[in-house]
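The values are calculated or read from the model by the stated rules, or taken from the named source; none is laboratory data. None of these values were measured; they are calculated from a predicted model. For neighbour counting, all protein chains shown are included, and Cβ atoms are generated from backbone atoms with ideal geometry for every residue, glycine included. Surface areas here come from the heavy atoms of the whole protein model, side chains and all, with no ligands, DNA or RNA. Shrake-Rupley method; radii C 1.70, N 1.55, O 1.52, S 1.80 Å.
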Amino acid sequence: MDIAKCLAVIDELCAADFPRQYGRTAVGEGGPGYLTAELQTSGDFYEDGGSEREETEAQYEADRDALGERLRGKWGPAQKFSLYSTFERGVDGEDLDEPWASLSDHVPDVHLWRTDAGRWVALGVSQWDTELPFQLLAVVTVMDPP
């Protein structure tokens, strides 16, 4: 992982205007009030049998933590925020704000900071299913966590 590049992307997201409508961006996706960047994506695990999956998951979590240490110097210690209850509330039919609703479908928890400008920055490790790639995601939003 290139930490300097990831930090630059996060800085760009923090300074950017939010899109008026949901759509793809140069580094991920965005919508009213949020931007998401796909900082890093692994290969898939269809042929793996599970052996590399655990190692890759551990590496992505370590990369998130290393990036979080750099952000700690900027905004202080992260809040660790579980998205499990958000996922459950969505499954039960509650209408939840984006990006939290869709993020909770594939990211179990995030490391979260509040910037001086009042935006939230979240780092999380995503995986939609056991055969699919891991992603290290950065989210910048004005929507308060649920």
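A few comments on the model shown:
- Within the listed set V107, V91, V125, the residue fluctuating most in the Gaussian network model of the chain (springs between alpha-carbon atoms under 10 angstrom) is V91.
- Residue by residue, segment 25-41 carries 3J(HN,Hα) couplings of 10, 5, 10, x, 8, x, x, x, x, 7, 9, 10, 10, 8, 6, 7, 9 Hz when phi is fed to the Karplus relation 6.51 cos²θ - 1.76 cosθ + 1.60 (θ = phi - 60°); x denotes Gly or Pro.
- Where only DSSP H runs of four or more residues are counted, the chain gives -10500 deg cm²/dmol as its mean residue ellipticity at 222 nm, each run worth -39500 (n - 2.57).
- In order along segment 120-131, phi translates into HN-Hα couplings of 8, 10, 10, 10, x, 10, 9, 7, 6, 7, 4, 8 Hz, rounded to whole numbers, per the Karplus curve 6.51 cos²θ - 1.76 cosθ + 1.60 with θ = phi - 60° and x for Gly and Pro.
- Seen from all directions on average, segment 50-143 presents a Cα convex hull projection of 6.2 nm².
- The 3J(HN,Hα) values that the Karplus relation (6.51, -1.76, 1.60; θ = phi - 60°) gives for segment 71-80 are, in residue order, 6, 4, x, 8, 10, x, x, 6, 8, 8 Hz. Gly and Pro appear as x.
- Net dipole in debye of the chain [+1 Lys, Arg Cβ; -1 Asp, Glu Cβ; about Cα centre; nearest 20]: 820 debye
- Under a 5 Å amide H cut-off, with hydrogens placed 1.01 Å from N, F45 pairs with L132 among residues at least 5 apart or on other chains.
- Residues of the chain: accessible area per residue with a 1.4 Å probe, Å²: 55 Å²
- Each part reduced to its alpha carbon centroid, segment 33-47 and segment 67-121 end up 16 Å apart.
- Less than 5 angstrom separates the built amide H of A16 from none of the residues sequence-distant by 5 or more or on a different chain.
- 11 Å beta-carbon shell around F87, net charge (K/R +1, D/E -1): -4
- Placing one equal scatterer on every Cα of segment 1-91 and applying the Debye formula, the log10 ratio I(q)/I(0) at q = 0.13, 0.20, 0.25 Å⁻¹ is -0.63, -1.24, -1.24.
- Protein accessible area in segment 1-86, 1.4 Å probe - carbon and sulfur %: 45 percent
- Using a Gaussian network model of the chain in which every pair of alpha carbons under 10 angstrom is joined by a spring, one finds that among L132, L112, L35 the greatest mean-square fluctuation is at L132.
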